[in-house]
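Written out below as C-alpha cells is the structure these notes cover.
Just so it is clear, none of the values below were taken in a lab; they were calculated from the coordinates. Remember, predicted model here, so these are calculated numbers, not experimental data. All Cβ positions, even for glycine, are placed from backbone atoms using ideal geometry, and neighbour counts span all protein chains on display.
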Amino acid sequence: MNRRKSLQLLAAAGLMGPAAVLRAATDASVATVDDLPLISGPLTLYLGRGEGGLYEDILDAIRKRNPGLDLKVRRGPSSALANTIVAESGAGVSRADVFWAIDSGSIGRVVGDAKVRQLPSAIRNLLKTDFRFDAWAPISGRIRTVPFNTERLTREAVPKSIMALPERDLEVGWAPAYGAFQSFVTAMRLLNGEEATKAWLRAMRPKARSYAGEFGVVMAVSRGEIDLGLANHYYTLRLKKGRPAAPLDLAFTRNDAGCLLNTSGAVLLSDRPQAGLFVQHLLTREVQSYLSREAFEIPLVAGIQSPVGLPAISDIHPPAVDLEKLANLRPTLDLLRETGVL
C-alpha cells in the first residue's frame, strides 16, 4: 500500500484532518504507518475503556489499513482486565495477545503478576528516552492538574503544593472512585508516606465535593459550583475546545502527586508477530498525532506536537515516580475507606 493511500484511509477514519496530513507528508523524523509491514492473522486485544470512543477510531483505522488482520477486542475497565489477565496467567491460559490499558497502574499489575513478553528494541526505540521500559510500551501521557474557575480565583490563589491545599479556604471537587484519582493518591503514598496521605485525605474530606468522574469535576468548576478541582489535564482542554469562553483554566502544583505524569500503555502477552506490529502502529506519527490533537493526550514519541493549551512538561515539573508501582492500589483503597472518602 503506498503512502498516499495509507494517509487517505486514516483521514477517512477520522484520524487525520487536512493539517495533520500535511504534517505527516513533511515531517520525516517520526515513524509513519508506511514504515511498517501489514498486519495479518488473528489478534486478540484486551482494551481498557478509552476516552469517548477515540481509541475505537484508532482500531477502525488499523483494521482498514490491515485488511488481513482478524482483530478481536475485549473491552472493560483497565483494572478489571488486568485482574483477568493475572487470573488467566495463573491458570496457564493465554487468551490475549495485547493489553492496552489507560493507566500504568493496571500495566504494573500485569507486568508484576502475569506472564508477559519483553518488548523488542524496534518498539522501545520509538519512544522518548524517559519512557523506555523492558516489559511494556507507554502509549500516551496524562498529567494531574488543578482546573480552577477564573471568575472565583486567580492563578496566584491556587497553591503550588498539593499538600497545602487543605490549608486554603477553597471549595474543591474530586472523583474518589475514579482510577486516575486513585493513582494520584497512590503516588502521594509513595512520595509522602501513609500517615501524611491519611492526614491529607481527612483534612480534605470536609472541603471536597465528590463527582462520578473527572469530566464532571471540570464541568462543575466551569459552572462555578466549586473553586477548583483535581483532574487529568485533558478534561479541561476538551471542554475549552468546545467552550472557549468558559471561565476555566489550568494550574499545576510542583514536584508532587498533584502533577503526576501517568501514561496509558501496552503489554505484549504473546509471541505472535502481529502483536508487536499492532503496538508499533500505536506509536506511529498518525496515531500519536491523533491522540494529541483529538484526545489531548501527551505524545510519547519524539517529533509530535503536544496538545494545544498544555505547557511543556519541562515547565510543569512532575515528580519522579516509578509508574509500575502505581499498581499497588490495595493500601490506597484501604486509606480511602478508612478516611471515609470512599
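Taking the inverse of the average 1/r across all pairs of different Cα atoms in the range 88-188, what Kirkwood radius in Å do you get?
After inverting the pairwise mean of 1/r, the radius is 17.1 Å.
Please give the peptides 86-99, 250-263, 67-80 ranked by average Cβ packing (other Cβ atoms within 10 Å per residue), highest first, as a rough proxy for protection.
Averaged packing, sorted descending, gives the order 250-263, 86-99, 67-80.
Would you look at the GNM of the chain, springs on alpha carbons closer than 10 Å, and say which of Leu127, Leu326, Leu300 moves the most?
The residue with the greatest mean-square fluctuation here is Leu127.
Separation of the range 45-105 and the range 147-165 by C-alpha centroid, Å?
37 Å
Hey, what D do you get for the range 112-165 in µm²/s if you plug the Kirkwood alpha-carbon radius into Stokes-Einstein at 4 °C and 1.567 mPa s?
86 µm²/s
May I ask you to list the lysines whose Cα is less than 27 Å away from that of Lys115, ignoring any residue fewer than eight positions away on the same chain?
Once the sequence-local lysines are set aside, what remains near Lys115 is Lys72, Lys128, Lys325.
In deg cm²/dmol and to the nearest 500, what is the mean residue ellipticity at 222 nm of the chain if only DSSP H runs of at least 4 residues count, each as -39500 (n - 2.57), divided by the residue total? The partial results should precede the final answer.
Values: 13 runs with 131 residues, N = 342.
-11500 deg cm²/dmol, from helical runs alone.
Ranked highest first by average number of other Cβ atoms within 10 Å, how do 290-298, 150-158 line up?
So the peptides 290-298, 150-158, ranked by packing, come out 290-298, 150-158.
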